[in-house]
Amino acid sequence: MRIVLGVGGGIAAYKVASLLRLFTEAGHDVTVIPTEAATRFVGVATWEALSGHPVSNSVFDDVHTVNHVRLGHEAELIVVAPATADLLSRAATGQANDLLSNTLLMAGDCPVLMAPAMHSEMWQHPATQANVETLRSRGVTVLEPASGRLTGSDSGPGRLPEPEAIFEAALALAGAPSVPNSPDITAPDAAPSPPAAGRPLAGLTVTISAGGTREPLDPVRFLGNRSSGKQGVALAAAARDAGARVRLLAGHMDVPPPAGVDVIRVETALELRKAALHAAADSDVIIMAAAVADFRPADVAGTKIKKRDDVADPVITLVRNPDILRELVEVRDAASRTQLVVGFAAETGDADGDVLDYAAAKLRRKACDLLVVNHVGQDKVFGEDTNSVVILSRTGSEPQEASGSKSDVAAAVIDRISAELSRVVPPA
């Protein structure tokens, strides 16, 4: 596969040499385009030696080959790492003042992945976040940066994901195998090969919701829940490791998202609904693991609700939030789309029924393909590192139990999803 590897001008550029080695050792043809600033951190000679190709950042070198057009047209995958705040801004606003920015404009239908790296304040700045959302809305995959030690004594979100994570995410985006010397071109008359062992979701797009929604009461307070997002994050990592391109719809979470996934931040149930319906259009699998508020305040105060002796206690009227899971199933069925929809149910038993009774009734109402059931309560599931679930199927097959760490449970859910998909689309 022909890959263009753009390198931004940040201290993390030194890690990209390892990423380049991963690509070349997997048999891919890589052209490196560093920015001028990037060559202050890693010299051109390093990129030429590791790629086996001449390296330039000027549109005026090798003019006879029209590089600023040719490279973007010929690329089958473009990866930019580190994607600095400046590079994200230039890409979002369509600037073309060097070879890399020109190549990005000429990418056409080529998949583009950008791996940001910068200080936390730069990453969290509204301007950077707006640029990221613009790029994602155009189909660019912008990874979430890792959290950890940054330049100097600083620590926080903004660290470049590890080269191995970028490598896996990039090849999953392109639908290419990651093992060295694996063929990435199939003869026109040949039947497609089944997914490689350990990568049963290769080439598929999986959307996962995680964390809890927050419904505002006033500028200070909100209605929320105890969800930590740990199970959803574990599912995102497991789907990524299974070869999928993963889109994480992230509500409030106590843990950072995994590297190598595309993250869309949401806060309320209505924001999650909008993001989920938009993401569903190109998703092969949807996993709704977020803890979504059933109700929201009918009115949101514009100022903080004061506690005053001369004013009666406030009465909060609640209204129902939309049933996002059920709506996703209805939209899928109306479009006759082949798509696996998986729901999560956090249930408690009472005098009228146990957890599985209520879960079975919910599965009938939601009509999703699989329902992963948690028995929740004090010191159960929410915020914990372990979990125990039962997976119910709309087809009525035997319930499947899974327990252990949340990573263990995530792996079991992804394995079950892979098995369901193999029944829908038999291997060639």
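Of the residues 112, 59, the single one that is closer than 27 Å to residue 147 by Cα, surrounded by 14 or more Cβ atoms within 10 Å (Cβ to Cβ) and touching a residue at least 24 places away in the same chain (Cβ under 8 Å) is 112. Just one of the numbered conditions (1) at positive phi; (2) at pLDDT 85 or above is not true of residue 145: (1). Where strands (runs of 3 or more DSSP E) sit wholly within the range 211-323, those with at least 2 residues that are under 29 Å from residue 156 (Cβ atoms) occupy 245-250, 262-265.
Checking each residue in the range 60-107 for being at positive phi and of a type in the set (Gly, Ala, Ser) picks out only 94. Taking each residue of the range 245-272 that is assigned by TED's automatic domain parsing to the domain that holds residue 213 and polar (S, T, N, Q) and looking for partners that are crowded, with 24+ Cβ neighbours inside 10 Å and in a loop (DSSP other than H, G, I, E, B) with beta-carbon atoms closer than 8 Å, six or more apart or interchain, yields 268/213.
Results for (1) surrounded by 10 or more Cβ atoms within 10 Å (Cβ to Cβ); (2) farther than 23 Å from residue 246 by Cα; (3) in contact with a strand residue (DSSP E or B) (Cβ under 7 Å, 6 or more places away or on another chain), shown as yes or no for each residue.
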| site | (1), (2), (3) |
| --- | --- |
| 289 | yes, no, yes |
| 303 | no, yes, no |
| 314 | yes, yes, no |
| 325 | yes, no, yes |
| 335 | yes, no, no |
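Return yes or no: is residue 179 over 20 Å from residue 385 (Cβ atoms), part of a strand (DSSP E or B) and modelled with pLDDT under 95? So residue 179 fails the test. Among residues that are at pLDDT below 90 and assigned to a helix (DSSP H, G or I), residue 365 is not included.
The values are calculated or read from the model by the stated rules, or taken from the named source; none is laboratory data. Model, not experiment: these values are computed from the prediction. Note that we place each Cβ from the backbone using ideal geometry, even for glycine, and neighbour counts take in every protein chain shown.
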